[in-house]
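To start, the structure under review is shown below, and the notes come after it.
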Amino acid sequence: MNPARHVRSLRGYLLAGIIGPIAVFIVIDAFNLYSRALETANAAYDRMIVTAAYSVGDQIVVENGRLRTGVSFATLEVYEADFSTRMLYKITDRQGRYLAGDSDLPVFRHGGKWPWEATLLKVYEGQYGSAPVRIAAVAQPARSRLPQDDVVIQIAEPLAYRRDAARDILWGTVLRQGLLLAVVAAVTMHVVTRALRPLEGLRAQLDARHEDDLSPLDTPLAPRELGPVVAALNELMGRLRTTVDLQQRFVANASHQLRTPLAVLKMQLQSATRGDYPAEQALREMSSTVDRATNVANQLLSLARIEQMRGKGTRERCDLAAIAREVAIDLSPLISDKNLDFELAASSAWVEGRDWMATEMVSNLLHNAIRHTPPRSRLGITVAPLAGGVELCVWDSGPGIADQHELRVFEPFAAAHSSKGGGLGLTICAEIADSMGARLTLSNRGGGGKVEGLDARVRFDGVAEAPPSSS
């Protein structure tokens, strides 16, 4: 089941959480109240019919199985404020033979054991026609001590009166509790609405924003409970702003740097089509242009990938010495083409970072050194532990950095020499070093005003432990 289909309203959730338990309590309390009110009504009305039974017993006299004294009907009349009724009665002998009263009232069965005490009282429920009744039965031995003169007096009252009285108590209480629930619901709705007003204000502030506005939210009047939400939104906007900046920078760099080689490639293709120069020469020039465009595209993709990895923690470890050796082997054809004297002095040194990032950085630094080193000159790589860290150094015998380019050498497509074209190599290296917690510095080597080459140093603070060897 899709959880998105069950969207809860916070206002409804709060109201249900507050009003729901109160409503359930009122319902349960209403049932309990009705039961207790019915018990109270039964106790009160039972005393009335018991008193009536004893009164009837005091008024009658039976001699030789015959009723000599009648029953006063005033004893059986009930008068109350809103209704009046007459109780039912029946008088039988100890064998259940009818003597007087309502003959269709069920006979009381005393189990065949006639009491030795003066009277026997029992209150129970029965049926009179189709109406349920409450009956009080008094077994009264005769004054003459003759068994045939013993009588049973039954006084019955319909249960409807008791239930009506209990319902009157119930509905009166439920009405008051319902009014109380309505007041609580209105107050709760008002309080919840006021409590949720900051959320409405936050939503309105977000709705009023332009799609390009990723600045932090300013909610000085927000309650403390809303503070973490605002902070999380501001953090999210910061990450989105970084992502958007990266995308915009990538698009700007790509549009700027790829437009020129593509335009040149188009011109070369048109010239070759017109036959301005031989086809073999045109293919060589077009191949060179495609190589430059491919190199720029790869650098742009590498830079974008590195920038996306920024801020993402990693527990990976890599061996700088092993990476330096692999990069030197990969670029050995370029070194051989220029007949360069290459030196590698690398001690095993583990640092935190991803292999591909460190490989990209060393490859760009060495490629840059090969490019600026004159033929038959020297260059090399050293990896050495320092106090509290590790240093990677790629050195060459080139012209070094011009003073006017020193401050902007790490900017995208900035050239370290006025005679050389700019690229992303050093920018990528600086980004990788920063993402790995290191720092890249470039410095001219030499003395007495004479530049003998360039040192590209990457300083890593801290040394990672080597992973356990697998056997």
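The values are calculated or read from the model by the stated rules, or taken from the named source; none is laboratory data. Just so you know, these numbers come straight off a predicted model, no measurement behind them. Reconstructed Cβ throughout: ideal geometry from the backbone, glycine too, with neighbour counts over all protein chains shown.
Residue 156 meets each of the listed conditions (1) free of Cβ contacts under 8 Å to residues at least 12 places away in the same chain; (2) touching a strand residue (DSSP E or B) at 6+ places or on another chain (Cβ under 8 Å); (3) among the small types (Gly, Ala, Ser) apart from (1). Can we say residue 181 is exposed (fewer than 13 other Cβ atoms within 10 Å of the Cβ), assigned to a helix (DSSP H, G or I), modelled with pLDDT of 80 or more and not assigned by TED's automatic domain parsing to the domain that holds residue 47? In short, no.
Would you confirm whether or not region 234-245 contains a residue that is free of Cβ contacts under 8 Å to residues at least 40 places away in the same chain and under 30 Å from residue 17 (Cα atoms)? No, every residue in region 234-245 fails to be free of Cβ contacts under 8 Å to residues at least 40 places away in the same chain and under 30 Å from residue 17 (Cα atoms).
Restricting attention to region 358-401, the residues that are in a loop (DSSP other than H, G, I, E, B) and not acidic (Asp, Glu) total 12.
For residue 204, the criteria (1) surrounded by 11 or more Cβ atoms within 10 Å (Cβ to Cβ); (2) of a type in the set (A, V, I, L, M, F, W, C); (3) modelled with pLDDT of 80 or more hold in every case but one, which is (1). In region 319-346, the residues that are under 25 Å from residue 462 (Cα atoms) and of a type outside the set (Lys, Arg) form Cβ pairs under 8 Å with partners that are loosely packed, with under 13 Cβ neighbours inside 10 Å and modelled with pLDDT under 90, at six or more places apart or across chains, as follows: 319/348; 319/466; 321/347; 321/348; 322/348. Each residue in region 97-117 was checked for being modelled with pLDDT under 80 and either surrounded by 10 or more Cβ atoms within 10 Å (Cβ to Cβ) or not hydrophobic (A, V, I, L, M, F, W, C) (or both), and 8 of them qualify. Looking across region 369-398, the residues that are β-branched (Val, Ile, Thr) and closer than 16 Å to residue 445 by Cβ come down to 373, 381, 382, 394.
Taking the condition of being acidic (Asp, Glu) and surrounded by fewer than 22 Cβ atoms within 10 Å (Cβ to Cβ), how many residues in region 346-401 meet it? Count: 3.
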